[in-house]
């Protein structure tokens, strides 16, 4: 594999192409031999990853690193070649030799071969900068991507364009509004920035006629790649000179081979994508599907793993079986992680149990769903309407399941339904009803279910108006997003202004929601509905109160503090909503309890992030069941009954995991926009022990008695800090707080050292942190220019110095509860997940 | 310019002409290596063949002076999906297209090479023609395509006279059936003095040079076409240590009473083989269309030492009655894997042992 980005950018943050494109055989063999020598010398058995830096104008090379294990790149290499590295490595571990392990792709040959590919693979990282708009986007030796997409094509241009649109950034070609406003000089200087936008900046530079040599001298990206980017830009420019009437078959075919969507071609020739599609039909231009077979067609392959090309001969021969397509969830990102891959895979299993052939479409090389042996047939393709429709046209499936692939799949529901494709499970109309503010309000009104008041708006003025009518604080967010992307709590007109600006940096197809913000207890439910009955496997209670995104909140199952009344309301509302929305399959409902009344926050008629969690802790295989219900089974066909399922004696606590140390300039304070990149689960007989296990699993480093704890909280939170501070003091911690907080605590007879704020001179908070006197910080973010800046600096310093920093008082209380148990890791009970299987 | 590829079975692929203009007829074979197009084109084993590259992007790193396996391209034609006209590599001196043009090699690009490969895999190696002539009519060429065969290509690729390379080590007589540059380099790297003999010299002439060992090179075509060379080898066996590669391996088998067959579609690219004595597998570079049949060999005189892990064909033979060993693959190539270069060391050891045993 060859990195397009020269040395200096972490390989996980680099655009990668496989196989190498610019190396002669001599260079290739030189590095290959070096790798073999390294492996032999180290005595590796199993997988090993070697990274090299090769001098561009000599045979000099250096080893960057050697990972004597299966690595992140191994997953990519496995998907890129069809060679299952980890599987083979495992068989080696248990004693087999490469000459004894069958190549599962051909079924004939053995694992002791080097795969040879007859296509080109491009990987592009998925960075979280669309969520962390303030994060430093510079790429370097610290990896920042949360996921990646891979695309296969038989030209580099085709593979690159597929990968670009798989990122779901609203970018479908190399031309974007980015940098359009810069003059040439500014653009050239922008080329020096090594960040996630570099590809697009280069494309714009090429468009302006800046010489490839100059771009090369700045970026050091190989001329071969720059030449390929130029081909794409040239096609974009050529298309601009065409119209639907002047466009020739030859040009259209060339554009399709380069990976241009009908939609993109349509935009350039000022026609609709339907018209372009009609032209294609008329001229017989449609994708053919080629096989990934590890051997460049030399041997007959048995694995139905396909990618599209615009060749004449298609190798994918659909079967006549009853079959269903499961749409995958694309790249791993904050808010849409590996949970949806779990769901896709379980859905495939459910389909197989019902006797259907299961077909997966997905573009993520890191997933199980894109293993060639997970589904009956795998299409490694982007998840856009056109790419999916073409596969549907070929396969003619009984229908499509879009519930399990997160927003990526849900977004495809409408375009596919418009084409007459059968969507299994909840219908497109009902999916829409749950997302469409007005339709949803009507449903709630009819069912007499309350929700926080809110408005649907499009413009800044409307947003201001809505916020002022509701009264601050309000929650602002775009609709049709996952992970609360772009979601913020606004306390003032100024906040509204700032948030709307950020939201509008991306083109918004859907309206923006402004809701009254209620600070209460949040609860979440995932339920299965067969159209008649509803099963609620469990209710999850968020430890952190509303305002912190559910994905970032510590969450407990079963709920620890629910009254009978609230529990009944939740069951009642969930059942009513599932039926009203005609849910067939899974539905996720989020509630907030405020003044002893349950309000609905949102309903997602699809599988949610918490489905794997709740499936594991209740022992109910939700996705498999939901899939089988979509295929016609009823809840009564399963042994789990209806209504709220009985809870067991164990408590499971989900704790989010963050990656702040890798993302510079990101504020670590938690809010309505999700920031966590993963999660862990702690299971025990009581909630404190389960929480402790979860916190340890999430990497929390607890301070020891005698260590310093710093309190710096909002004025409104001060009264809540008393018990907390008291608890820590009793455990023997040394307390610090800034001026007013220190005074307040001391007045309540809790011995607290006053420390200076940042602008109050030295020694201040930062100095104490650097001296190692503070081992934990409890900080609730304060509004206001200075304090915002202070808080931000303190939190970032905490990340740098690995000081535990809690920005939620609820979490802080939970930590106190854990420490009060005074239990050591070695004293924790080991619990088998099977305890939840009843 | 439009070009067309016509196969013996009537299949046609329409693409774009690359390299020289005109029409060429040849045996169409596919090469699966992802790098090394220059080495393959100049490999004498490709004499008379039209090479179809399975990797779609060819010509990316251009052509350079140092990576030729013989003085000129040996293939008759080339088939690629996409030819790169703007190569990028520090050693590149010209584009592949210019190189093809300068050597009058005809080619085609823009066709579905995977579909072609599948056809060759299913039906076996086939003759065919590439043409960029506007008046090209496939039916007029059908007979020429069908009757095309590569006759005695060794005579065309062997050197015309004896070439001598000085060296301080053992003296090797290298019988040139189409020797690759990298093989000569492998011997030189081990200090050998080398006499390269044309393929038509007699055994006496070779022995007159008093070599410590004899190396049978690779080469193109059907080994059974090489009656004279087989006879020469028969006369040399037992007199000196012999190491054969590729065609040399096949000829040695025939000289020992063995038999060969044409493979359905050959081995061209990287292949896993197993050294049975070591019980170890290696990835090797290969380029051959014929293979030695194991059953005709007298088990008392010859043992199979290496096999192909994909199809179990013979990849190496060790002879018991004479100090001879041969392999089908290229043990050390600049266009391919290098791990089996140990065979050259074994050859050197064999020469040393043989010399010492005679001294005693």
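The values are calculated or read from the model by the stated rules, or taken from the named source; none is laboratory data. None of these values were measured; they are calculated from a predicted model. Positions of Cβ are backbone-derived with ideal geometry, glycine not excepted, and every protein chain shown enters the neighbour counts.
Key figures for this structure:
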{"read-out": "When residues of the stretch A:227-240 are limited to those that are within 14 Å of another protein chain (Cβ to nearest Cβ) and surrounded by 21 or more Cβ atoms within 10 Å (Cβ to Cβ), the one nearest to residue A:24 (Cα to Cα)", "value": "A:228"}
{"read-out": "Checking residue A:111 against (1) without any contact (Cβ under 8 Å) to a residue 60 or more places away in the chain; (2) under 29 Å from residue A:373 (Cβ atoms); (3) surrounded by fewer than 20 Cβ atoms within 10 Å (Cβ to Cβ), the condition it does not meet", "value": "(3)"}
{"read-out": "Yes/no for residue A:141 being away from chain B (no Cβ under 14 Å) and in a loop (DSSP other than H, G, I, E, B)", "value": "yes"}
{"read-out": "Top-ranked residue of the stretch A:80-122 - restricted to ones that are more than 19 Å from residue A:49 (Cβ to Cβ) and more than 13 Å from chain B (Cβ to nearest Cβ), ranked as modelled with the lowest pLDDT", "value": "A:104"}
{"read-out": "Output for the stretch A:1-41, where each listed residue is away from chain B (no Cβ under 12 Å), part of a helix (DSSP H, G or I) and in contact with a strand residue (DSSP E or B) (Cβ under 7 Å, 6 or more places away or on another chain)", "value": "A:11, A:12, A:13, A:38"}
{"read-out": "Given (1) under 29 Å from residue A:569 (Cα atoms); (2) at pLDDT below 90; (3) surrounded by 18 or more Cβ atoms within 10 Å (Cβ to Cβ); (4) in contact with a strand residue (DSSP E or B) (Cβ under 6 Å, 6 or more places away or on another chain), index of the condition residue A:479 fails", "value": "(3)"}
{"read-out": "Residue among A:497, A:524, A:541 that alone is in contact (Cβ under 8 Å) with a residue 24 or more places away in the chain and closer than 30 Å to residue A:648 by Cβ", "value": "A:524"}
{"read-out": "The listed residue being touching a strand residue (DSSP E or B) at 6+ places or on another chain (Cβ under 7 Å) and either in a helix (DSSP H, G or I) or closer than 29 Å to residue A:404 by Cβ (or both), out of A:648, A:706, A:694", "value": "A:694"}
{"read-out": "Strands (runs of 3 or more DSSP E) contained in the stretch B:1-101 and holding at least 3 residues over 28 Å from residue B:176 (Cα atoms) and in contact with a helix residue (DSSP H, G or I) (Cβ under 7 Å, 6 or more places away or on another chain)", "value": "B:12-19"}
{"read-out": "Residue check, residue B:277 in contact with a strand residue (DSSP E or B) (Cβ under 8 Å, 6 or more places away or on another chain) and assigned to a loop (DSSP other than H, G, I, E, B)", "value": "yes"}
{"read-out": "When residues of the stretch B:120-145 are limited to those that are in contact with a strand residue (DSSP E or B) (Cβ under 8 Å, 6 or more places away or on another chain) and more than 24 Å from residue B:19 (Cα to Cα), the one nearest to the other protein chains (Cβ to nearest Cβ)", "value": "B:121"}
{"read-out": "Search result, residues across the stretch A:152-167 that are under 24 Å from the mean Cα position of the chain (by Cα) and in a helix (DSSP H, G or I)", "value": "A:159, A:160, A:161, A:162, A:163, A:164, A:165, A:166"}
{"read-out": "Which numbered condition residue A:676 misses (of (1) in a loop (DSSP other than H, G, I, E, B); (2) modelled with pLDDT of 90 or more; (3) over 30 Å from residue A:609 (Cα atoms))", "value": "(3)"}
{"read-out": "Odd one out for residue B:6 among (1) crowded, with 22+ Cβ neighbours inside 10 Å; (2) over 30 Å from residue A:121 (Cβ atoms); (3) within 14 Å of chain A (Cβ to nearest Cβ)", "value": "(3)"}
{"read-out": "Residue match in the stretch B:263-280 (condition: away from chain A (no Cβ under 14 Å), in contact with a helix residue (DSSP H, G or I) (Cβ under 6 Å, 6 or more places away or on another chain) and surrounded by fewer than 23 Cβ atoms within 10 Å (Cβ to Cβ))", "value": "no"}
{"read-out": "Number of positions in the stretch B:35-52 that are within 10 Å of chain A (Cβ to nearest Cβ) and out of contact with any strand residue (DSSP E or B) (no Cβ under 6 Å at 6 or more places or on another chain)", "value": "3"}
{"read-out": "Within the stretch A:330-347, tally of residues that are assigned to a helix (DSSP H, G or I) and touching a helix residue (DSSP H, G or I) at 6+ places or on another chain (Cβ under 8 Å)", "value": "6"}
{"read-out": "Residue B:67 vs. criteria farther than 25 Å from residue B:137 by Cα, in contact (Cβ under 8 Å) with a residue 60 or more places away in the chain, facing chain A (nearest Cβ under 9 Å) and under 17 Å from the mean Cα position of the chain (by Cα)", "value": "yes"}
{"read-out": "Number of positions in the stretch A:290-329 that are within 9 Å of chain B (Cβ to nearest Cβ), in a strand (DSSP E or B) and in contact (Cβ under 8 Å) with a residue 40 or more places away in the chain", "value": "3"}
{"read-out": "Residue check for residue A:172: surrounded by 19 or more Cβ atoms within 10 Å (Cβ to Cβ) and farther than 30 Å from residue A:53 by Cβ", "value": "yes"}
{"read-out": "Only listed residue being more than 27 Å from residue A:682 (Cα to Cα) and assigned to a loop (DSSP other than H, G, I, E, B), chosen from A:782, A:741", "value": "A:782"}
{"read-out": "Residue tally, condition modelled with pLDDT of 95 or more, more than 17 Å from residue B:16 (Cα to Cα) and not in a helix (DSSP H, G or I), over the stretch B:102-125", "value": "1"}
{"read-out": "Enumeration of residues in the stretch A:42-64 that are more than 11 Å from every other protein chain (Cβ to nearest Cβ) and in contact with a helix residue (DSSP H, G or I) (Cβ under 9 Å, 6 or more places away or on another chain)", "value": "A:44, A:45, A:46, A:47, A:48, A:49, A:50, A:51, A:52, A:61, A:63, A:64"}
{"read-out": "Matching option when the condition is over 22 Å from residue A:542 (Cβ atoms) and either at pLDDT below 95 or in contact with a helix residue (DSSP H, G or I) (Cβ under 9 Å, 6 or more places away or on another chain) (or both), among A:720, A:689, A:661", "value": "A:661"}
{"read-out": "Helices (runs of 4 or more DSSP H) completely within the stretch B:179-253 that count 3 or more residues being outside the structural domain of residue B:316 (by TED's automatic domain parsing) and under 15 Å from residue B:347 (Cβ atoms)", "value": "none"}
{"read-out": "Every residue from the stretch B:87-112 that is buried (at least 17 other Cβ atoms within 10 Å of the Cβ), within 11 Å of chain A (Cβ to nearest Cβ) and closer than 30 Å to residue A:212 by Cα", "value": "B:87, B:88, B:89, B:91, B:92, B:110, B:111"}
{"read-out": "Subset of the stretch A:418-465 (residues that are free of Cβ contacts under 8 Å to residues at least 60 places away in the same chain, in a helix (DSSP H, G or I) and crowded, with 19+ Cβ neighbours inside 10 Å)", "value": "A:463"}
